[in-house]
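Working notes, beginning with the structure itself.
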Amino acid sequence: MSEWLVLTIAMAAACAVVLTIVVINNRRIGEDDDPSETPDVLEYMTMMIGVIYAIVLGLAIAGVWEGRGAAQESVRLEAQALHEVSTRAEVYPAEVRTRIRSDIDAYVSHVVHTEWQHMVDHNEVTDQGDDLLARVRQDVTLYAPKTDLEGQAYQPLVDQVAAADDARDQRAQNTEATMPPIVWFGLITGALITVGLIFTLQIRRTPRELLLAGLFSVMIAFLLFLIWDLDAPFGHGIAATPDPFVNRFPGAA
């Protein structure tokens, strides 16, 4: 099912439930009911709960957005490190240079076409990806430099492979969801309480009040969907992409 269809259904369902409860609740109110009798302290408490929940939502959105940014940055660092290895290998003999670049291309192709979807489905990287990167490391570390220029390039190449390996580890760690289940419980419970407080203010069936109640519930549903969408950095619509690999290695990707 499309994520945007899920969003539409969630927002429409939230709005429909709120409006239905408002209409049913108002049918039970007698003609002598006076909406002006709502205590001022109740309005103040409702406002404060809404403010507190808004702060919680803001922190949650900031947290998942930061996690998504960290995931994308790990991809960029990994692609850049491999690009440096491929470029600096120019000083090596043609046979060694070709082998290094070929193994890097094989690794990039695997990441873009196979491992990325595996991360989305299983929240982990593949063993084959580990093996392909290990092959690149062996190509670099097991070669004995024969000239001064090759000797000067050897250690930087080893360092760049280590940087790529470290960035891969970071990418593997970022495949998991950012928000723990207890936080989701708080967000959903807070949403139910915040929307439920609409009824403590004796909302009526006027078009203006029904519109505001519907828009408020739609906004809450949208913000929760946004948090969910950003919660898995590699898994949903607004996710990290393999574009750094594609840009650095257009032929392999």
What does the helix-only formula give at 222 nm for the chain: each DSSP H stretch with n ≥ 4 adding -39500 (n - 2.57), the total divided by the residues, and the result rounded to the nearest 500 deg cm²/dmol?
-> -25500 deg cm²/dmol
With a point put 7 Å past each Cα toward its Cβ, work out how far L212 is from V23 in nm, to one decimal.
-> 2.1 nm
Debye log10 I(q)/I(0) at q = 0.13, 0.15, 0.18 Å⁻¹ for the chain, Cα point scatterers | -0.85, -1.01, -1.25
Calculated FRET efficiency for the pair D166/L142, C-beta based, R₀ 22 Å, to 0.05 = 0.65
Two-site FRET efficiency, L5 against D105, from Cβ-Cβ distance with R₀ of 51 Å, rounded to 0.05 | 0.85
When you take every Cα atom in region 62-209, what is the radius of gyration, and what is Dmax, the widest Cα pair distance, in Å?
-> 24.2, 86
In debye, nearest 20, what is the charge dipole magnitude of the chain about its Cα centre with +1 on Lys and Arg Cβ and -1 on Asp and Glu Cβ, if you could check?
-> 420 debye
For 216-223, 139-146, ranked highest to lowest by mean beta-carbon neighbours within 10 Å, the order is 216-223, 139-146
With the charge dipole of the chain built from beta-carbon charges (+1 for Lys and Arg, -1 for Asp and Glu) about the Cα centre, the Cα from V195, L215, I100 projecting farthest to the positive end belongs to L215
Bounding extents of region 146-253 in its principal axis frame from Cα atoms, largest first in Å, are 85, 30, 17
For the chain, the helices passing both cut-offs (Cα extent along own axis of 18 Å or more, Kyte-Doolittle mean at least -0.5, full DSSP H runs) are 3-27, 40-88, 181-196, 207-231
Rounded to the nearest 0.05, what FRET efficiency do Q128 and I182 have when you use their Cβ-Cβ distance and R0 = 30 Å?
-> 0.30
What is the gain in length, in nm to one decimal, between F199 and Q80 on full extension, counting 0.36 nm per residue of separation less the C-alpha to C-alpha distance?
-> 37.3 nm
Work out the charge dipole of the chain with +1 on the Cβ of Lys and Arg and -1 on the Cβ of Asp and Glu about the Cα centre, then indicate which of V17, A89, V64 is farthest towards its positive end.
-> V17
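Every number here is computed from the coordinates shown, using simple stated rules; none is lab data. These figures come from a predicted structure and were not determined experimentally. Glycine also receives a Cβ, built like all others from the backbone with ideal geometry; neighbour counts cover every protein chain displayed.
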